[in-house]
């Protein structure tokens with residue numbers, strides 16, 4: 001079941017696909033982990049930080065020769081499909097620019113490889129209506145429902161807002 005905290009939790013990501021921005025961050029839900037040691041005054045403690053390895057895949061990658069089957073799934077814990085875009089109607093998100101037909105294949109391949117499948121909302125101009133979509137309590141409620149319905153429809157594991 002999706003909840004507000006599930007949709008809006010943040011994590012640090014590592015990415016290595018070409019032309020993708022990358023950041024490293026700890027995540028409490030990742031499957032990979034690394035040990036780090038720290039010393040604070042006279043006290044020494046060891047802790048485990050779980051890391052996320054993530055990248056973005058756009059539907060147009062498939063139409064330009066990089067099919068979902070070409071993804072090196074073993075390198076990632078999370079993969080984000082880009083982009084759903086906002087519109088003037090808070091009840092609709094569009095996948096038209098990212099080839100909506102490929103999204104189910106993407107999610108299926110991710111899950112078959114033990115990778116969390118996410119959807120990115122926004123992008124370069126895809127967040128044009130985001131402010132209006134969340135400007136009032138009524139719109140925020142409708143927008144969260146729209147996002148959660150989309151996540152449920154496609155069996156997504158998370159949402160990324162750009």
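Every number here is computed from the coordinates shown, using simple stated rules; none is lab data. Fair warning: this is a prediction, and the values are worked out from it, not measured in the lab. FYI the Cβ positions are ideal-geometry reconstructions off the backbone, even for glycines, and counts take in every protein chain you see.
Provide 72, 82, 94 in ascending order of the number of other Cβ atoms located within 10 Å of each residue's Cβ, fewest first. Write out the running numbers ahead of the final one.
Values: 72 10, 82 25, 94 14.
Exposure proxy ranking, most exposed first: 72, 94, 82.
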Stokes-Einstein translational diffusion, region 107-150 - Kirkwood Rh over all Cα pairs, 1.306 mPa s, 10 °C, in µm²/s: 130
Evaluated over region 53-161, the Cα radius of gyration and Dmax, each in Å: 13.9, 43
Sequence ranges 50-61, 101-112, 136-147, ranked by mean other-Cβ count within 10 angstrom, highest first: 50-61, 101-112, 136-147
